[in-house]
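The values are calculated or read from the model by the stated rules, or taken from the named source; none is laboratory data. Not measured: the values here are computed from a predicted model. Note that each Cβ is placed from the backbone with ideal geometry, even for glycine, and that neighbours are counted across all protein chains shown. Only protein heavy atoms, including side chains, enter the accessible area calculation; ligands, DNA and RNA are left aside. Shrake-Rupley method; radii C 1.70, N 1.55, O 1.52, S 1.80 Å.
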Amino acid sequence: MPVSTLDRSVTDPVIRRLNALRPLSAEASSSLEHAVLEGLQRAGSGEDLISEGDPVDSVRIVLSGWLCRYKTLEDGRRQIVNFIFPGETCDAHAFLLAVMDHSIATLTPVVYTEIRRARFESLVASDRSLAEAFWCETLLNGAIQREWAINLGRRVALERVAHLFCEIFERLRPVGLVDGNSCIMPVTQMDLADATGLSVVHLNRTVQELRAAGLIVLRERTLTISDLDALKDAALFSPSYLHLYRRK
């Protein structure tokens, strides 16, 4: 059955995201679109899609909304270890392991798809470009995780927050969610604090420093970066780990 124009708008983020990593064949794009549409799901804000210790038997791909990967200590302290944006996969190859080693929660209402393991394996086996794109995304997630470790371990507070803002902006760009020098920022200061290892008070103070320096405007759930190059300099940010420029 042909995929309608409206349906294509639903699947557009994941097609754009994977194409930024590896050019997909027309057949791969069509097959993936159909698989995505077959498994559409919705979830509200603040829901766990999957919890640490759960078995994994499907692949989840985000189509709209923001999620986070997180771990929680026994006393309730939470560390966000990554955000998940539209077009990105929650757990492309996690089914190769016995259980999840972290939890994934929604930060906003989301639309996502679930592709069962057998269906996903059939998809990637049938087209090399699709298989390579999903493996590239898995490798990219590892690269992002290494950068987050550096952020928490070596960068000072202003560099951490500036670096996170730069990364969010650059990760949203390939899926068309950047408007000029602005992008949506629908998360709370608590979420940002849990992602940067800062207290909410310290996070708020750091955001105010970036504002006072004329680098950002954060208002009405929108981040505007006044001078992206200057913000990158302040963050010691290089986008090379995001692999935005695919191999020819």
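For this structure, a couple of remarks:
- Total residues in the range 201-225 satisfying the condition of being of a type in the set (S, T, N, Q) and either open to solvent by less than 30 Å² (accessible area, probe 1.4 Å) or at pLDDT below 95 (or both): the figure is 1.
- The range 153-180, residues that are under 18 Å from residue 242 (Cβ atoms) and open to solvent by 30 Å² or more (accessible area, probe 1.4 Å): 159, 160, 173, 174, 176, 177, 178
- Exactly one residue out of 113, 108 is among the hydroxyl-bearing types (Ser, Thr, Tyr) and more than 14 Å from the chain's Cα centre (by Cα): that is 113.
- Filtering 87, 46, 53 for residues that are surrounded by 16 or more Cβ atoms within 10 Å (Cβ to Cβ), at positive phi, not basic (Lys, Arg) and not in a strand (DSSP E or B) leaves a single hit, 87.
- Looking across the range 141-172, the residues that are charged (D, E, K, R) and touching a residue at least 24 places away in the same chain (Cβ under 8 Å) come down to 146, 147, 155, 159, 160, 167, 170, 171.
Every residue, every condition in (1) open to solvent by less than 30 Å² (accessible area, probe 1.4 Å); (2) touching a residue at least 60 places away in the same chain (Cβ under 8 Å), yes or no:
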| position | (1), (2) |
| --- | --- |
| 29 | yes, no |
| 57 | no, yes |
| 61 | yes, no |
| 68 | yes, yes |
| 97 | no, no |
| 104 | yes, no |
| 109 | no, yes |
| 116 | no, yes |
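- Selection within the range 74-84 - modelled with pLDDT of 95 or more and either assigned to a loop (DSSP other than H, G, I, E, B) or open to solvent by 10 Å² or more (accessible area, probe 1.4 Å) (or both): 78, 79, 81
- Scanning the range 56-72 for residues that are at pLDDT 95 or above and not in a strand (DSSP E or B) gives 65, 66.
- Tabulated pairs, the range 184-200, first surrounded by 20 or more Cβ atoms within 10 Å (Cβ to Cβ) and assigned to a helix (DSSP H, G or I), second of a type in the set (Val, Ile, Thr) and modelled with pLDDT of 95 or more, C-beta under 6 angstrom, 6+ apart or interchain: 193/200; 194/80; 195/80; 196/161
- Condition check for residue 9 on (1) assigned to a helix (DSSP H, G or I); (2) among the hydroxyl-bearing types (Ser, Thr, Tyr); (3) buried (at least 16 other Cβ atoms within 10 Å of the Cβ): one failure, at (3).
- Of all residue pairs spaced 6 or more apart or on separate chains, those with beta-carbon atoms under 6 Å, a first member in the range 118-134 that is free of Cβ contacts under 8 Å to residues at least 60 places away in the same chain and of a type in the set (Gly, Ala, Ser) and a second member that is in a helix (DSSP H, G or I) and open to solvent by 20 Å² or more (accessible area, probe 1.4 Å) are 131/124.
- Qualifying residue in the range 209-225 (condition: of a type in the set (A, V, I, L, M, F, W, C), assigned to a helix (DSSP H, G or I) and closer than 30 Å to residue 76 by Cβ): yes
- From the list 105, 149, the lone residue that is under 18 Å from residue 195 (Cα atoms) and in contact with a Gly (Cβ under 9 Å, 6 or more places away or on another chain) is 105.
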